[in-house]
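K.L.:
One structure, pasted below without further comment.
The values are calculated or read from the model by the stated rules, or taken from the named source; none is laboratory data. All of these numbers come straight from a predicted model, not from anything done at the bench. Positions of Cβ are generated from backbone atoms using ideal geometry, with glycine treated the same way; all protein chains shown enter the neighbour counts. These accessible areas exclude ligands, DNA and RNA; they are computed on the full protein's heavy atoms, side chains included. Shrake-Rupley method; radii C 1.70, N 1.55, O 1.52, S 1.80 Å.
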Amino acid sequence: MTKIIILKRDKLGDLLLTTPMLQLLRKLYPKSKLAVVAPESSAWILKNVSFIDQLYSYPQPKSFNLQSLAAVFIQLFIFLKIRLERYDIAIAAGGEYSPRAVKRIVLIKAKRTISFVPQNKIIKEITDPVMELTQEKGRCHESQRMIELLNPIAQSEKKLIAPSVYFRPPDEWLRKAQVFLTTHQLKKGHYIVFGLGARREKKQASKEQIIETAIYAFKKHKLKTILVWTPGSKNNRNYPGDDELAYGILKSAPEEIIPLRAPLDLTIGVIWLAKKSIFPDSGLMHFASASPGGVIGLFADTKVSPNPEQWGPLGLKSNYIEAKKNIKDLGIRFLHKEINRL
């Protein structure tokens with residue numbers, strides 16, 4: 001039995017975009033033991049999924065204190081535990097070369113190690129290097145870029161195509177969402193979700209755009225709008241929130257807008273039962289892309305910011321809107337055509 005482990009260091013959206021690679025790997029190696037090691041902050045996404053056999057998670061130190069020091073020792077213990085499993089193949093999953101990922105994957109001491117490496121560079125610990133994509137080819141989607149890492153072990157000359165992003169919220173999350181909807185006299189599929197993203201101001205719709213969209217969606221299609229945001233202040237270094245922006249909108253919000261300031265489980269549950277969601281480029285955008293209703297992703301200034309060709313939402317019911325410089329420049333009716341397609 002071949003034992004394969006995938007290392008994924010990144011945040012929520014990045015780990016979601018790894019699920020196509022994992023599903024494809026399971027098809028390529030149906031009788032293998034397939035494991036994933038990821039930070040605790042994102043590893044829960046893969047809890048109880050059918051296409052992996054084992055999930056390791058480790059804490060990430062946030063600052064220099066005793067708790068962070070303990071996190072470092074726990075990380076080392078987990079990677080030593082993984083090393084004792086004697087994996088055949090270890091893959092540093094990511095769309096480009098990461099020195100930190102390589103350092104961690106080397107700790108696993110697998111028989112074969114796979115990672116992107118820079119052009120014309122040799123890293124002796126990487127037994128199966130995959131050259132980073134050139135600028136001409138580098139615009140393919142992040143999920144497809146990670147699938148390129150399977151080429152050394154794919155045993156196939158055909159191009160490997162990415163399946164859809166996978167996520168299923170626990171039933172408890174959906175029950176919580178249903179309670180929230182019942183409280184506000186809403187039904188599944190009879191509302192849209194509009195999300196904020198204060199950390200990406202140029203990708204953020206304005207107060208006027210959000211209010212106008214909510215009014216239009218209700219007048220035209222009897223769809224109310226649930227405004228969701230990350231609790232907390234934008235000045236919080238570790239976990240910036242959207243409170244200031246959201247409360248500014250709600251001061252003059254019409255009754256068509258219902259606020260939802262909630263933890264991630266309730267927020268994702270509400271997204272899952274929505275007719276459609278609208279989010280700036282973010283982790284929640286990728287969760288929404290996996291939902292039955294899909295998402296409209298908001299991107300801007302992509303010459304210097306993440307490009308939707310690489311980071312856009314996947315899914316049959318998902319698409320995106322791209323502004324040259326700022327979403328606010330698109331006018332207050334920029335979502336009307338999208339709303340009419342629902």
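K.L.:
Within the bounds of the range 200-211, is there any residue that is in contact with a His (Cβ under 9 Å, 6 or more places away or on another chain) and of a type in the set (D, E, K, R)?
P.N.:
Going through the range 200-211, the residues in contact with a His (Cβ under 9 Å, 6 or more places away or on another chain) turn out to be none.
There is no residue in the range 200-211 that is in contact with a His (Cβ under 9 Å, 6 or more places away or on another chain) and of a type in the set (D, E, K, R).
K.L.:
Shifting gears a bit: Taking the range 198-214 on its own, how many of its residues are in contact with a Pro (Cβ under 6 Å, 6 or more places away or on another chain) and open to solvent by less than 60 Å² (accessible area, probe 1.4 Å)?
P.N.:
From the range 198-214, those in contact with a Pro (Cβ under 6 Å, 6 or more places away or on another chain) are 199-200, 203-204; that's our starting set.
Going one step further and asking which of them are open to solvent by less than 60 Å² (accessible area, probe 1.4 Å), we end up with 203-204.
Counting residues in the range 198-214 that are in contact with a Pro (Cβ under 6 Å, 6 or more places away or on another chain) and open to solvent by less than 60 Å² (accessible area, probe 1.4 Å) gives 2.
K.L.:
Right, next: Restricting attention to the range 89-135, which residues are open to solvent by 50 Å² or more (accessible area, probe 1.4 Å), over 17 Å from residue 145 (Cα atoms) and either assigned to a loop (DSSP other than H, G, I, E, B) or free of Cβ contacts under 8 Å to residues at least 12 places away in the same chain (or both)?
P.N.:
Within the range 89-135, 99, 103, 109, 111, 120, 121, 122, 124, 125, 127 meet the criteria.
K.L.:
So residue 71 ticks every box in (1) in a helix (DSSP H, G or I); (2) under 18 Å from residue 110 (Cα atoms); (3) without any contact (Cβ under 8 Å) to a residue 60 or more places away in the chain; (4) open to solvent by less than 40 Å² (accessible area, probe 1.4 Å) but one. Which box is left unticked?
P.N.:
Status for residue 71: all satisfied but (2).
K.L.:
Something else: Every residue in the range 136-145 that is among the acidic types (Asp, Glu) and either in a loop (DSSP other than H, G, I, E, B) or open to solvent by 40 Å² or more (accessible area, probe 1.4 Å) (or both), please. Explain how you work it out, then say what you get.
P.N.:
If we filter the range 136-145 for residues that are among the acidic types (Asp, Glu), which is where we start, we get 136, 142.
Result: 136, single match.
K.L.:
I'd like to know if the range 215-228 contains one or more residues that are farther than 21 Å from residue 337 by Cα and either among the acidic types (Asp, Glu) or surrounded by 16 or more Cβ atoms within 10 Å (Cβ to Cβ) (or both). Can you show your working first?
P.N.:
Of the range 215-228, the ones farther than 21 Å from residue 337 by Cα are 228.
Next, from what is left, pick out any that are either among the acidic types (Asp, Glu) or surrounded by 16 or more Cβ atoms within 10 Å (Cβ to Cβ) (or both): 228.
Within the range 215-228, one or more residues are farther than 21 Å from residue 337 by Cα and either among the acidic types (Asp, Glu) or surrounded by 16 or more Cβ atoms within 10 Å (Cβ to Cβ) (or both).
K.L.:
I would also like to ask the following. Taking residue 293 as the residue in question, decide whether it is touching a Pro at 6+ places or on another chain (Cβ under 6 Å) and either assigned to a loop (DSSP other than H, G, I, E, B) or over 26 Å from residue 220 (Cα atoms) (or both). I'd like the intermediate steps shown before the answer.
P.N.:
Working: touching a Pro at 6+ places or on another chain (Cβ under 6 Å): no; either assigned to a loop (DSSP other than H, G, I, E, B) or over 26 Å from residue 220 (Cα atoms) (or both): yes.
So residue 293 fails the test.
K.L.:
Further, regarding this structure: Tell me whether the range 258-274 contains one or more residues that are buried (at least 18 other Cβ atoms within 10 Å of the Cβ), part of a loop (DSSP other than H, G, I, E, B) and not aliphatic (A, V, I, L, M).
P.N.:
No.
K.L.:
Now for a different question. Tally up the residues in the range 139-164 that are polar (S, T, N, Q) and more than 27 Å from residue 302 (Cα to Cα), please.
P.N.:
Residues meeting the conditions: 3.
K.L.:
OK, next. Does residue 119 satisfy the criteria of being under 28 Å from residue 306 (Cβ atoms), in contact with a helix residue (DSSP H, G or I) (Cβ under 9 Å, 6 or more places away or on another chain) and of a type outside the set (Lys, Arg)?
P.N.:
Numbers: under 28 Å from residue 306 (Cβ atoms): yes; in contact with a helix residue (DSSP H, G or I) (Cβ under 9 Å, 6 or more places away or on another chain): no; of a type outside the set (Lys, Arg): yes.
So residue 119 does not fit the description; no.
K.L.:
Something else now. Of 254, 240, which residue is touching a residue at least 40 places away in the same chain (Cβ under 8 Å), of a type outside the set (A, V, I, L, M, F, W, C), more than 28 Å from residue 304 (Cβ to Cβ) and open to solvent by less than 50 Å² (accessible area, probe 1.4 Å)? Steps first, please.
P.N.:
Values: 240 fails: more than 28 Å from residue 304 (Cβ to Cβ).
Just a single option satisfies the conditions, and that option is 254.
K.L.:
Give the residue that is nearest to residue 147 (Cα to Cα), with candidates limited to residues of the range 74-88 that are touching a Lys or Arg at 6+ places or on another chain (Cβ under 6 Å) and open to solvent by 10 Å² or more (accessible area, probe 1.4 Å).
P.N.:
So the first thing to find is which residues in the range 74-88 are touching a Lys or Arg at 6+ places or on another chain (Cβ under 6 Å), and the list is 83, 87-88.
Subsequent filtering for residues that are open to solvent by 10 Å² or more (accessible area, probe 1.4 Å) retains 83, 88.
Working: 83: 24, 88: 18 Å.
Restricting to residues being touching a Lys or Arg at 6+ places or on another chain (Cβ under 6 Å) and open to solvent by 10 Å² or more (accessible area, probe 1.4 Å), the top hit is 88.
K.L.:
Sticking with this structure for a sec: If a residue has to be modelled with pLDDT under 95 and small (Gly, Ala, Ser) to count, how many in the range 216-240 make the cut?
P.N.:
The number of residues fulfilling the criteria is 2.
K.L.:
Just one of 34, 55, 7 is within 30 Å of residue 268 (Cα to Cα) and touching an Asp or Glu at 6+ places or on another chain (Cβ under 6 Å); which is it?
P.N.:
Numbers: 55 fails: touching an Asp or Glu at 6+ places or on another chain (Cβ under 6 Å); 7 fails: touching an Asp or Glu at 6+ places or on another chain (Cβ under 6 Å).
None of the other options fit; the residue is 34.
K.L.:
Now, a different point. Kindly indicate whether any position in the range 184-197 is open to solvent by less than 60 Å² (accessible area, probe 1.4 Å) and modelled with pLDDT under 95. Working first, answer last.
P.N.:
Initial filter on the range 184-197 (open to solvent by less than 60 Å² (accessible area, probe 1.4 Å)): 186, 189, 191-197.
Still in the list and also modelled with pLDDT under 95: 196-197.
Yes, the range 184-197 has at least one match.
K.L.:
Right, next: Only residues that are touching a residue at least 24 places away in the same chain (Cβ under 8 Å), surrounded by fewer than 16 Cβ atoms within 10 Å (Cβ to Cβ), over 27 Å from residue 73 (Cα atoms) and among the charged types (D, E, K, R): list them for the range 1-59, please.
P.N.:
31
Residue-by-condition table, conditions (1) touching a residue at least 40 places away in the same chain (Cβ under 8 Å); (2) assigned to a helix (DSSP H, G or I); (3) touching a strand residue (DSSP E or B) at 6+ places or on another chain (Cβ under 6 Å); (4) open to solvent by 30 Å² or more (accessible area, probe 1.4 Å):
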| site | (1), (2), (3), (4) |
| --- | --- |
| 303 | no, no, no, yes |
| 309 | yes, yes, no, yes |
| 315 | yes, no, no, yes |
| 322 | no, no, yes, yes |
| 325 | yes, no, no, yes |
| 333 | yes, no, no, yes |
| 337 | no, yes, no, yes |
| 342 | yes, no, yes, yes |
